[in-house]
1. Going through V71, V90 one at a time, which residue ends up being within 9 Å of Y54 (Cβ to Cβ), out of contact with any Cys (no Cβ under 8 Å at 6 or more places or on another chain) and either of a type outside the set (S, T, Y) or surrounded by 14 or more Cβ atoms within 10 Å (Cβ to Cβ) (or both)?
2. Give segment 274-291 a look and list any residue that's open to solvent by less than 20 Å² (accessible area, probe 1.4 Å) and within 21 Å of G260 (Cβ to Cβ), or say none.
3. Restricting to segment 152-203, and then to whatever is part of a helix (DSSP H, G or I) and open to solvent by 70 Å² or more (accessible area, probe 1.4 Å), can you tell me which residue is modelled with the lowest pLDDT?
4. Considering each of A9, A83, A15 in turn, give the residue that is assigned to a loop (DSSP other than H, G, I, E, B), open to solvent by less than 70 Å² (accessible area, probe 1.4 Å) and without any contact (Cβ under 8 Å) to a residue 24 or more places away in the chain.
5. For segment 367-398, how many residues meet the condition of being surrounded by fewer than 16 Cβ atoms within 10 Å (Cβ to Cβ), farther than 14 Å from A343 by Cβ and among the aliphatic types (A, V, I, L, M)?
6. Which members of segment 104-126 meet the condition of being assigned to a loop (DSSP other than H, G, I, E, B) and open to solvent by 60 Å² or more (accessible area, probe 1.4 Å)?
7. Condition (residue is crowded, with 20+ Cβ neighbours inside 10 Å, among the basic types (K, R) and over 27 Å from S197 (Cβ atoms)) applied to segment 314-328: is it met by at least one residue?
8. Inside segment 235-273, can you point out the residues that are at pLDDT 90 or above, open to solvent by 10 Å² or more (accessible area, probe 1.4 Å) and polar (S, T, N, Q)?
Amino acid sequence: MLPLEEARARVLAGARPVGIEWLALPEALDRVLGRDVVARHDQPPVAVSAMDGYAVRAADTEPTGRWLRLVGESRAGGPAPPALAPGEAVRIFTGAPLPAGADAIAIQENAELADGRVRFSRASEPGEFVRPAGLDFHVGSVGLPAGRVLDPRAIGLAAALGHAWLPVRRRPRVAILATGDELLWPGEPVAPGRVASSNSVALAALVRRLGGEPIDLGIAPDTPDGLAGALDRLGAVDLLLTSGGASVGDYDLVRRVLGGRGLELDFWTVAMRPGKPLIFGRLEGVPVLGVPGNPVSALVCGIVFLRAMLLAMLGLETALPVEHRPVLRDLPANDQRFDHLRARLLRREDGLAVEPFERQDSSMLATLAAADALILRPPHAPPVAAGSLVPCVLLEAALRLP
């Protein structure tokens, strides 16, 4: 069995960044920026007022109570204000450009008006309530770096930087094929020996949540011809993801059928639990990831391997979000397989602690759905006493773009 970290490194080595497409700002939300986006102008382009008040020469406001002559106004989007001469002031509003000669804003709360003149109860300091040109950013500066996930803040900044279209990574296309005569379409009545095909929909949801485009190839029966027929529907994709058929039973056909079509097998079986029978290789240049049929194994492999591949294709950091939390009960020594224990987070007075579920059977999807974390137990890890810190993958963070 291949060690987990080596298997993960091989999978990542097989992931190639996808290309770039241009999207209008409203369509770019939650996409991954493919190139740096730089400012096309200074922001603000000229010095502007941060308050409603009067543009003045700070020296003219001393001593307090000195009358200044009003010579015009400045408002955002209005005509250019007149330049200030000594002893003059201009009425100004928030965001409006400073007149030439002004170096401060005297706020209106301190102003007294009479006969076209204004005076102030407080002297101004040079630069007071002035937003200088380029305060937010300067032309040519990188406003959004490549790899940024475009949330509403980033979309707004892109607009302010002067961009209506953004270069984003296209969504990786992932073909998903479930295998097994026992599988039913979700919603069909359950029959003896039959189960709902939960893996394909769960993995498709994971692909979509992590920025990919899932393509459902349906359910292939446990026959070579049935599996080959499903593969005939494979179009131009970035990854083929199979579920089930990766073990050693008579009806586990994925390796055999894909091998007959030219699969270059990199590895099969990983020293991990759940998820030992994992396949990785390339078929006509397309990476192939085959996860086990047990639903928990399939999703844990999706979190450990599929997530890493998708993030690598999008040019993002692939490390899992791991934190150390105290465990609420003793853990025995681990064997040779890297273990992922489903666990819940519990809030205590001293912070969050983690409690593994009593039963960890790889068919129990309900416990994974209820879990907040996966406790990581490396191969041959020694026993851990309750209260000790253990590394945990936080599922809320792992199941979305970083």
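1. V90
2. Within segment 274-291, L278, I279, F280, G281, L283, P287, V288, L289, G290, V291 qualify.
3. Per the stated criteria, the residue is V201.
4. A83
5. Total satisfying the criteria: 2.
6. D115, S121, R122, E125, P126
7. The answer is yes, given that some residue of segment 314-328 is crowded, with 20+ Cβ neighbours inside 10 Å, among the basic types (K, R) and over 27 Å from S197 (Cβ atoms).
8. Listed by number, the list holds a single entry, T269.
The values are calculated or read from the model by the stated rules, or taken from the named source; none is laboratory data. As the structure is a prediction and not an experimental result, all values here were calculated from the model. So basically every Cβ, Gly included, is an ideal-geometry build from the backbone, and we count neighbours across all protein chains shown. Areas reflect the complete protein model, heavy atoms only, side chains present, ligands, DNA and RNA absent. Shrake-Rupley method; radii C 1.70, N 1.55, O 1.52, S 1.80 Å.
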